[in-house]
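Bear in mind these aren't lab numbers, they're just calculated from the coordinates by the rules spelled out. Keep in mind that what you see is a predicted model, and the values were worked out from it rather than measured. Glycine gets a Cβ as well: all are built from the backbone with ideal geometry, and neighbour counts include every protein chain shown.
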Amino acid sequence: MADGGHADAVRAFELARETFISGRRIDMGSLATTLGVDRTSLFRWVGNRDALLSEVLWSLAVPTLVLSEHATERLHGAERVAEQLSSFAGALISAQYFRDFLRREPARALRLLTTTESEIQRRYVATARWLVERELGGRPLGGAITTDELAYLLVRVSESFTYADLIAGDTPSEARARRAFRILLRADLAGATDASTEDAAPTDAAAEVAP
């Protein structure tokens, strides 16, 4: 927010967030009236409408990402990255207030969510990069791609299936996003490699103690 530390800015943000979650359009004039201030003060506190919407959207994304983090605690590596991003995409697809926003303002939604100028996309890419580095290290996929490149590709895949209705007139799909993530991350190959290693371990151990 433009003046994020100001108590009135926090109040304006919280009211905008409540409005968004209720499925209604955030209108700066109505927001200013409800708060009992003029539009100039409101803009000084929270920036323009796009800036406010971006902050509201990201504030809703963060707890969703945290939930997907906790839900995948037992997984690791490519499996965890794929499942965590799939879970996040699924949450967006099923959130009614979010779908209402996409239907109500499709052009603005795509601009705020999916373009290179998007603050939300920048933060999402940074989150994906952190996941990749934590689970796959600094040379993912054997060094075939950089962490920055892989993070960006993962986000674009997420966007493609989350906003499929706006981008291509298709149906948004968590399942198809999951398949795409797993293919891109070679999750099935990684799982097969892990299984082979586990299967081989008893044989190696037996060989060590064999007479």
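For the pair segment 118-142 / segment 12-46, the C-alpha centres are spaced 33 Å from each other.
Each peptide in 122-131, 66-75 receives the mean, over its residues, of other Cβ atoms within 10 Å, and ordering these scores from highest gives 122-131, 66-75.
Relative protection proxy for 98-104, 172-178, 58-64, from highest mean packing down: 172-178, 98-104, 58-64 (other beta-carbon atoms within 10 angstrom).
Select from Gly169, Gly23, Gly138 the residue whose mean-square fluctuation is largest in a Gaussian network model of the chain (Cα-Cα springs shorter than 10 Å). Highest fluctuation among the options: Gly169.
Working note: 222 nm ellipticity from helices only, DSSP H runs with n ≥ 4, each -39,500 (n - 2.57), summed and divided by the residues of the chain, gives -25000 deg cm²/dmol to the nearest 500.
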